[in-house]
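Asks: Structure provided below as structure tokens; questions to follow.
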Amino acid sequence: MRIVAGSLGGRVLRAPHGAATRPTSEKVRQALFNILGPPPEDTHGLDLFAGSGALGLEALSRGVASVTFVERARPALAALHQNVTELEVEARVTVAPVDVGRFLASSAAGPAGPPWRWVFLDPPYAAGVYEATLTALGELRARLSPRVSDDTVVVVEHAHRAPPPDRVGFLLRTDLRRYGDTELSLYRFETRSPP
């Protein structure tokens, strides 16, 4: 598994031991970042259920200013830390070794930081946490948190047979792409209150 393109293109990524983590394939990462295009200046990312960090590290390679990785599984954390160290991107990375729901709740109540323009959501397919996590992200918007904005794009990687809803609170799906058994759903925050 490698970084597909950008300043770190071709560099090897370590994957966690065991079958609990399913890293995003190079083909899907390439397709996703073709859709997103080059990041605007001073873009910050959030990689939820980060696993090895493949999505967030690909974003860093393509010019994102910083990425916060949220992952609590020990094998995945070990691979993530190894990847960050070997790629020498420690200065642009924050790792939160906590539950995603707890992290988002604390972000809503905690001190402000730069807004996340790109949010990646790639939980284990069988976990069934898409809607709860999208709802928690929507709560940030409902509380007028500066961590999300009208420019924030939320990317959900999911199985073709188990798509998340078209709408969750303030989040509306604006794009859906299929790559074999994997699909990418892209969401944006609506500026008005949800119905």
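The values are calculated or read from the model by the stated rules, or taken from the named source; none is laboratory data. Since we're looking at a predicted model, the values are computed, not measured. When we count neighbours, we look across all protein chains shown, and the Cβ atoms used for this are built from the backbone with ideal geometry, even at glycine.
Asks: What pairs come up if the first residue lies in segment 1-15 and is within 20 Å of residue 65 (Cβ to Cβ), the second is crowded, with 17+ Cβ neighbours inside 10 Å and polar (S, T, N, Q), and their beta carbons are under 6 Å apart, counting only those six or more places apart or on different chains?
Replies: Sorted first by the residue in segment 1-15, then by its partner, the pairs are 3/61; 6/61; 7/61; 8/61.
Asks: Which of the residues spanning segment 185-195 are among the polar types (S, T, N, Q) and surrounded by fewer than 19 Cβ atoms within 10 Å (Cβ to Cβ)? Even if it seems obvious, please write down each step before you answer.
Replies: Keep residues of segment 185-195 that are among the polar types (S, T, N, Q), which gives 185, 191, 193.
Once the filter is applied, which keeps residues that are among the polar types (S, T, N, Q) and surrounded by fewer than 19 Cβ atoms within 10 Å (Cβ to Cβ), segment 185-195 yields 191, 193.
Asks: Could you tell me how many of the residues in segment 141-164 are under 13 Å from residue 121 (Cβ atoms) and out of contact with any strand residue (DSSP E or B) (no Cβ under 8 Å at 6 or more places or on another chain)?
Replies: Summing the residues that are under 13 Å from residue 121 (Cβ atoms) and out of contact with any strand residue (DSSP E or B) (no Cβ under 8 Å at 6 or more places or on another chain) in segment 141-164 gives 0.
Asks: Let me ask something additional. Within segment 143-174, track down each residue that is touching a residue at least 40 places away in the same chain (Cβ under 8 Å) and within 16 Å of the chain's Cα centre (by Cα).
Replies: Of everything in segment 143-174, those that are touching a residue at least 40 places away in the same chain (Cβ under 8 Å) and within 16 Å of the chain's Cα centre (by Cα) turn out to be 147, 148, 149, 151, 153, 155, 157.
Asks: Would you check if residue 78 is in contact with a His (Cβ under 9 Å, 6 or more places away or on another chain) and assigned to a helix (DSSP H, G or I)?
Replies: So residue 78 passes the test.
Yes/no per residue for (1) hydroxyl-bearing (Ser, Thr, Tyr); (2) more than 16 Å from the chain's Cα centre (by Cα):
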| position | (1), (2) |
| --- | --- |
| 8 | no, yes |
| 13 | no, yes |
| 36 | no, no |
| 43 | yes, no |
| 52 | yes, no |
| 64 | no, no |
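Asks: Which of the numbered conditions does residue 86 fail, given that it passes all the others? Conditions: (1) closer than 24 Å to residue 141 by Cα; (2) modelled with pLDDT of 95 or more; (3) surrounded by fewer than 16 Cβ atoms within 10 Å (Cβ to Cβ).
Replies: With respect to (1) closer than 24 Å to residue 141 by Cα; (2) modelled with pLDDT of 95 or more; (3) surrounded by fewer than 16 Cβ atoms within 10 Å (Cβ to Cβ), residue 86 is out only on (1).
Asks: Mind listing whichever residues of segment 93-117 are in contact with a Leu (Cβ under 7 Å, 6 or more places away or on another chain) and closer than 21 Å to residue 149 by Cα?
Replies: The answer is 100, 104, 107, 108, 116.
Asks: Another question about this same structure. Only one of 31, 5, 15 is on the phi < 0 side of the Ramachandran plot, surrounded by fewer than 18 Cβ atoms within 10 Å (Cβ to Cβ) and not in a loop (DSSP other than H, G, I, E, B). Can you tell me which?
Replies: The match here is 31.
Asks: Right, another one. Looking only at strands (runs of 3 or more DSSP E) that fall completely inside segment 91-184, which ones have 2 or more residues that are loosely packed, with under 14 Cβ neighbours inside 10 Å and among the charged types (D, E, K, R)?
Replies: 171-179
Asks: Return only the number of the condition from (1) over 21 Å from residue 100 (Cα atoms); (2) touching a Lys or Arg at 6+ places or on another chain (Cβ under 8 Å); (3) without any contact (Cβ under 8 Å) to a residue 60 or more places away in the chain that residue 30 does not satisfy.
Replies: All conditions are met except number (2).
Asks: Restricting the first residue to segment 88-109 and requiring it to be under 12 Å from residue 71 (Cα atoms), which pairs with a second residue that is in a helix (DSSP H, G or I) and among the small types (Gly, Ala, Ser) meet a Cβ separation below 7 Å and a spacing of at least six or different chains?
Replies: If the second residue must be in a helix (DSSP H, G or I) and among the small types (Gly, Ala, Ser), the pairs left are 101/132; 101/136.
Asks: Looking at 22, 62, 92, can you tell me which residue is basic (Lys, Arg) and at pLDDT below 95?
Replies: Going through 22, 62, 92 in turn, the sole match is 22.
Asks: Among the residues of segment 18-27, what is the count of those that are free of Cβ contacts under 8 Å to residues at least 60 places away in the same chain and not in a loop (DSSP other than H, G, I, E, B)? Reasoning before the result, please.
Replies: Let us first name the residues in segment 18-27 that are free of Cβ contacts under 8 Å to residues at least 60 places away in the same chain, namely 18-19, 23, 26.
Add one more test, that the residue is not in a loop (DSSP other than H, G, I, E, B), and what stays is 26.
Of the residues in segment 18-27, 1 are free of Cβ contacts under 8 Å to residues at least 60 places away in the same chain and not in a loop (DSSP other than H, G, I, E, B).
Asks: Report, ordered by the first and then the second residue, all pairs with beta carbons closer than 6 Å, sequence separation of six or more or different chains, a first member in segment 44-71 that is under 17 Å from residue 98 (Cβ atoms), and a second member that is of a type in the set (Asp, Glu).
Replies: Sorted first by the residue in segment 44-71, then by its partner, the pairs are 49/122; 50/71; 56/47; 67/47; 69/47.
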